[in-house]
Amino acid sequence: MTTTHRARPVLRSDYQRSVAEYWNNEKDPVNLRLGDVDGLYHHHYGLGAYDPAVLDGPDEAVIAEMHRLETAQADVLLDHLGNVGPEDAVLDAGCGRGGTSIMANLRFGCYADGVTISEAQMEFANEQARRRGVSDKVRYHFRNMLDTGFEDGSRKAIWNNESTMYVDLHQLFAEHSRQLEIGGRYVTITGCYNDVTGGRSKAVSQIDQHYTCNIHPRSEYFKAMAANKLAPIAVIDLTADTIPYWELRQRSSVATGIEGPFLTAYREGSFHYLLIAADRIA
């Protein structure tokens with residue numbers, strides 16, 4: 001996993017510094033308690049139906065079930081990465097505490113780099129890789145996903161798992177396109193607002209405010225991909241599949257209050273949960 005020289009600072013705006021500060025200080029039980037189940041720490045949401053029996057059991061059963069749904073979401077993303085092998089290198093852009101990178105290594109045996117603008121997340125994730133004995137192939141870096149320093153064409157696959165809403169999509173996809181080999185695969189799972197209904201709904205705006213992010217319209221993803229040599233090969237609407245996760249989370253001990261806006265936005269159709277897979281073309 002080679003890199004080019006990096007001279008520019010990682011954090012380049014007041015907004016980026018505020019986002020980094022948020023995640024450096026974040027110790028939300030919804031991320032930590034769920035990860036404690038098996039040592040895979042996610043910073044994304046879940047997919048699939050939950051077992052209603054957990055609601056009649058101890059709180060730990062609900063936590064474990066939520067974690068299962070979040071891990072299932074990461075598996076769906078990895079299912080779309082294409083033909084990745086043990087000698088290939090992949091990139092987890094906006095890696096959080098690193099769970100998806102470790103899952104990629106476990107599945108493919110590949111080299112995996114994660115980048116985050118949170119030094120606290122980077123240190124936490126590297127410690128998890130060391131504990132699992134995979135730090136020779138899974139590494140996390142304090143870097144900006146808009147300018148990682150990795151070499152041109154060095155990645156077989158790149159993904160964003162619910163992290164695109166923190167950056168400009170044209171800048172992001174230009175950087176991903178630079179790093180992907182020809183024929184390499186890009187995958188994102190993301191929430192995006194529905195252009196058909198107009199601008200951001202009240203519920204989507206509440207989500208933005210809660211996470212200090214800037215949710216993009218659905219159409220902007222495809223415009224930015226087309227401008228940066230990324231040709232979509234699969235677009236999957238996961239909205240209906242993620243609603244049960246939010247219903248369960250709303251009834252859990254780790255509910256944060258943002259569950260209501262998510263459920264409202266999904267049910268009213270102003271917000272979509274999409275998987276987009278695209279190939280890097282010449």
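Subtract the Cα-Cα distance of TYR22 and ASP152 from 0.36 nm times their separation in residues, and report this length gain in nm to one decimal.
Values: separation 130, 0.36 × 130 = 46.80 nm, distance 3.09 nm.
Extending this stretch completely gives an extra 43.7 nm.
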Looking at the square roots a ≥ b ≥ c of the eigenvalues of the Cα gyration tensor of segment 1-141, which shape do they give, rounded for a/c under 1.5, prolate if a/b is larger than b/c, or oblate? oblate
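Report the relative contact order of the chain, percent, no decimals, based on alpha-carbon pairs under 8 angstrom and at least 6 residues apart.
Details: 531 pairs, mean separation 56.1, N = 282.
RCO, the chain: 20 percent.
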Point-charge dipole on Cβ atoms (K/R +1, D/E -1) for the chain, about Cα centre, debye to 20: 660 debye
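Ratio of alpha-carbon Rg to the 2.2 N^0.38 Å globular estimate for segment 17-280, to two decimals, please. Don't skip to the end; give the middle numbers.
Values: Rg = 17.4 Å, N = 264, 2.2 N^0.38 = 18.3 Å.
This ratio for segment 17-280 stands at 0.95.
Can you give me the relative contact order of segment 1-132 as a percent, contacts being Cα pairs under 8 Å and 6 or more apart? Present the calculation step by step, with values, prior to reporting the outcome.
Values: 149 pairs, mean separation 33.1, N = 132.
Relative contact order for segment 1-132 comes out at 25 percent.
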Carbon-plus-sulfur fraction of the accessible area of the chain, 1.4 Å probe, in percent? 50 percent
I want to verify the translational diffusion coefficient of segment 84-210 in µm²/s; compute it with Stokes-Einstein, Rh as the Kirkwood radius over Cα pairs, at 10 °C and 1.306 mPa s. 104 µm²/s
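Which value, in Å², gives the accessible area per residue of segment 17-280 when a 1.4 Å probe is used on the protein heavy atoms?
Heavy-atom accessible area per residue stands at 38 Å².
The values are calculated or read from the model by the stated rules, or taken from the named source; none is laboratory data. Given the structure is predicted, the values throughout are model-derived calculations rather than measurements. So basically every Cβ, Gly included, is an ideal-geometry build from the backbone, and we count neighbours across all protein chains shown. Just the protein is used for accessible areas: all its heavy atoms, side chains included, with ligands, DNA and RNA removed. Shrake-Rupley method; radii C 1.70, N 1.55, O 1.52, S 1.80 Å.
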